[in-house]
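Participant: Mind having a look at this structure? Questions to follow.
The values are calculated or read from the model by the stated rules, or taken from the named source; none is laboratory data. Just so we're clear, the structure is a prediction, and the values are computed from it rather than from any experiment. For neighbour counting, all protein chains shown are included, and Cβ atoms are generated from backbone atoms with ideal geometry for every residue, glycine included. For the accessible areas, the whole protein counts, side chains as well, though only heavy atoms, and no ligand, DNA or RNA atoms are used. Shrake-Rupley method; radii C 1.70, N 1.55, O 1.52, S 1.80 Å.
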Amino acid sequence: MKVLVVGGGGREHAIVQKVSESPKVEKIYCAPGNAGIAELAECVDIPVMEFERLVRFAKEQAVDLTIIGPDDPLVAGIVDAFEATGLRVFGPRKNAAIIEGSKAFSKDLMKKYHIPTAAYETFDDAEKALQYLERSAEFPIVLKADGLALGKGVLICNTLEEAKAGVKTIMLDKQFGDSGNRMVIEEFMTGREVSVLAYCDGTHIKPMTSAQDHKRAKDGDQGLNTGGMGTFSPSPFYTAEIDAFCQKEIYEKTMAAMKAEGRDFVGILFCGLMITEQGTKVLEYNARFGDPEAQVVLPRMKNDIIEVIEACIDGTLDKIDLQFEDNAAVCVVLASDGYPVSYEKGFEIKGLEQFKERNGYYAFHAGTIQKDGKVLTNGGRVIGITAKGDDLKQARNHAYQATEWVSFENKYMRHDIGKAIDEA
């Protein structure tokens, strides 16, 4: 098979790595890819939002299967564009990707179909949002831009003043662009946050192993929200009992709800969960592999990813026995100092050859570029260092040990990824 992966970050590197292990695949393309992906695939310089060019490329190269990585093209309808020309493509159509594209849609869906989530109100008028905050809000409270915002459109406000400033940021200053035309104000939930990714074929849903992300930029969960500074899998807090509850009350209900709305969900459903004292509830849905969750979940998957994806497209996911290794993985993101605000790039990255011969160690490139035979930094999140171990503590030790093999100017990372493991 010839496979095209759309995207160019750490998530796509993890997908390409997994695709490269399939005996069914003889050629991989990645658009636009990055320096790490280039070792496994032919990188094609086409941006992810240029659907016509991507479709034309897939046609010209007789690509058998295209896998869409990022959220923006999914929400904008890239799957529909591929399907319209008869190409085989993996990801939700536009009318299903709205589950990530609009927080108001997903909250209304959960309310309508009795899927457990936080109480909320939706606003498209800043004045009304402010009135609601003054009259009815209990603090802390959560403000969410309705649309896509690179994982950063969520503000946790501890006081009325902070909340008012948040409304200004999202709805008036439009810091997240048109994503802030509508806003969800949501009850603040406390508990353990867990991510579960699941394969879906429109009818059936098969969850993967659990993971836990670290969103804040600095140690101790301080600093600004980022796209993710590291992650570990599995989560010790996601028990068999919680899994059974989620299967029945969240995963299967979500699939049935989307089908009932005429929006069959085929692709990866990412469920962000909060394990509260009142039970497990949905924080958010995403319509694709998480980043960096994919970097710890996919290396632990035993199945051939191509077989699983084809079953999703063909509606035969129920025939797949999805299996994961009985071990653990930890990913520590090496970022450019100053991320997520401002940072310099273009620094040479050294030490990557250390990963070549070592089993269970991965350097997933997120923001890198190749120039004159050198690999240079080219983004805020640069590389996700992932390592496996027999258990979470061993995996964490391996991952942090491996972060020392890689060096570049202004290298920055958190030193407490997976610290919660000690409390489990």
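Participant: Collect the residues in the range 322-336 that are farther than 21 Å from Lys419 by Cβ and either in contact (Cβ under 8 Å) with a residue 12 or more places away in the chain or open to solvent by less than 30 Å² (accessible area, probe 1.4 Å) (or both), keeping them in residue-number order.
Facilitator: Within the range 322-336, Leu322, Gln323, Phe324, Glu325, Ser336 meet the criteria.
Participant: Okay, moving on. State which residue is most open to solvent (accessible area, probe 1.4 Å) when the search covers only the range 185-211 and only residues that are farther than 27 Å from Leu143 by Cα and not in a strand (DSSP E or B).
Facilitator: Result: Thr203.
Participant: Go through Cys157, Cys200 for me and flag whichever is farther than 30 Å from His365 by Cα and either touching a residue at least 12 places away in the same chain (Cβ under 8 Å) or out of contact with any Ser or Thr (no Cβ under 7 Å at 6 or more places or on another chain) (or both).
Facilitator: Result of the check over Cys157, Cys200: Cys157.
Participant: Count, please, the residues in the range 237-277 that happen to be of a type in the set (S, T, N, Q) and either assigned to a strand (DSSP E or B) or in contact with a Ser or Thr (Cβ under 6 Å, 6 or more places away or on another chain) (or both).
Facilitator: Keep residues of the range 237-277 that are of a type in the set (S, T, N, Q), which gives 239, 247, 254, 276.
Now narrow it down to the ones that are either assigned to a strand (DSSP E or B) or in contact with a Ser or Thr (Cβ under 6 Å, 6 or more places away or on another chain) (or both): 276.
Total meeting the criteria: 1.
Participant: For residues in the range 278-314 being of a type in the set (Val, Ile, Thr) and part of a helix (DSSP H, G or I), which is surrounded by the most Cβ atoms within 10 Å (Cβ to Cβ)?
Facilitator: Restricting to residues being of a type in the set (Val, Ile, Thr) and part of a helix (DSSP H, G or I), the top hit is Val296.
Participant: Somewhere in the range 323-333, is a residue more than 22 Å from Ala198 (Cα to Cα) and within 23 Å of the chain's Cα centre (by Cα)? Before the answer, list the steps.
Facilitator: Of the residues in the range 323-333, the ones more than 22 Å from Ala198 (Cα to Cα) are 332-333.
With within 23 Å of the chain's Cα centre (by Cα) added as a condition, the list becomes 332-333.
Within the range 323-333, one or more residues are more than 22 Å from Ala198 (Cα to Cα) and within 23 Å of the chain's Cα centre (by Cα).
Participant: Among the listed residues Thr254, Thr226, Thr231, identify the single one that is within 20 Å of the chain's Cα centre (by Cα), open to solvent by less than 30 Å² (accessible area, probe 1.4 Å) and modelled with pLDDT under 95. Reasoning before the result, please.
Facilitator: Numbers: Thr254 fails: modelled with pLDDT under 95; Thr231 fails: modelled with pLDDT under 95.
Matching residue, one of Thr254, Thr226, Thr231: Thr226.
Participant: Looking for whichever is within 26 Å of the chain's Cα centre (by Cα), closer than 28 Å to Leu269 by Cβ and free of Cβ contacts under 8 Å to residues at least 12 places away in the same chain here; the options are Lys103, Lys111, Lys174. Which one fits?
Facilitator: On the way: Lys103 fails: free of Cβ contacts under 8 Å to residues at least 12 places away in the same chain; Lys174 fails: closer than 28 Å to Leu269 by Cβ.
From the options Lys103, Lys111, Lys174, the qualifying one is Lys111.
Participant: Identify, please: which residue in the range 342-356 is open to solvent by less than 100 Å² (accessible area, probe 1.4 Å) and assigned to a loop (DSSP other than H, G, I, E, B) and is, among those, nearest to Lys388 (Cα to Cα)?
Facilitator: Gly351
Participant: Since Ile115 meets every condition but one in (1) touching a helix residue (DSSP H, G or I) at 6+ places or on another chain (Cβ under 9 Å); (2) closer than 22 Å to Met183 by Cβ; (3) among the aliphatic types (A, V, I, L, M); (4) in a helix (DSSP H, G or I), which condition does it not meet?
Facilitator: Status for Ile115: all satisfied but (4).
Participant: When the residues of the range 153-182 are narrowed to those that are open to solvent by 60 Å² or more (accessible area, probe 1.4 Å) and part of a loop (DSSP other than H, G, I, E, B), which ends up nearest to Gly228 (Cα to Cα)?
Facilitator: Taking the range 153-182 first, the residues open to solvent by 60 Å² or more (accessible area, probe 1.4 Å) are 156, 158, 161-162, 164, 168, 172-175, 178, 181-182.
Remaining after also requiring part of a loop (DSSP other than H, G, I, E, B): 158, 173-175, 181-182.
Values: Asn158: 22, Asp173: 25, Lys174: 23, Gln175: 19, Asn181: 25, Arg182: 24 Å.
Of everything passing the filter in the range 153-182, Gln175 is nearest to Gly228 (Cα to Cα).
Participant: So, one more: Any idea which of (1) within 22 Å of Arg381 (Cβ to Cβ); (2) assigned to a loop (DSSP other than H, G, I, E, B) is the one Asn359 doesn't satisfy?
Facilitator: (1) is the only condition that Asn359 fails.
Participant: Only one of these is open to solvent by 50 Å² or more (accessible area, probe 1.4 Å), at pLDDT 95 or above and of a type outside the set (Ser, Thr, Tyr): Asp243, Asp221. Name it.
Facilitator: Just a single option satisfies the conditions, and that option is Asp243.
Participant: Being at pLDDT 95 or above and under 30 Å from Arg88 (Cα atoms) narrows it down to one residue among Tyr362, Tyr400; which is it?
Facilitator: Criteria check complete, one pass: Tyr362.
Participant: Determine the pairs where a residue that is touching a residue at least 24 places away in the same chain (Cβ under 8 Å) and closer than 14 Å to Gly367 by Cβ, located within the range 33-53, has a partner that is part of a loop (DSSP other than H, G, I, E, B) and not hydrophobic (A, V, I, L, M, F, W, C) with Cβ atoms under 6 Å apart, the partner being 6 or more residues away or on another chain.
Facilitator: Gly33/Gly8; Asn34/Gly8
Participant: Considering each residue of the range 317-343, count those that are over 16 Å from Glu21 (Cβ atoms), in contact with a strand residue (DSSP E or B) (Cβ under 7 Å, 6 or more places away or on another chain) and not aliphatic (A, V, I, L, M), and give that number.
Facilitator: The total comes to 7.
Participant: Right, something else. Taking Leu133, is it open to solvent by less than 10 Å² (accessible area, probe 1.4 Å), of a type outside the set (Asp, Glu), touching a residue at least 60 places away in the same chain (Cβ under 8 Å) and outside any loop (DSSP other than H, G, I, E, B)?
Facilitator: No, not satisfied.
Participant: Sticking with this one: Can we say Tyr339 is in contact with a Phe, Trp or Tyr (Cβ under 8 Å, 6 or more places away or on another chain), open to solvent by 20 Å² or more (accessible area, probe 1.4 Å) and under 30 Å from Gly147 (Cα atoms)?
Facilitator: yes
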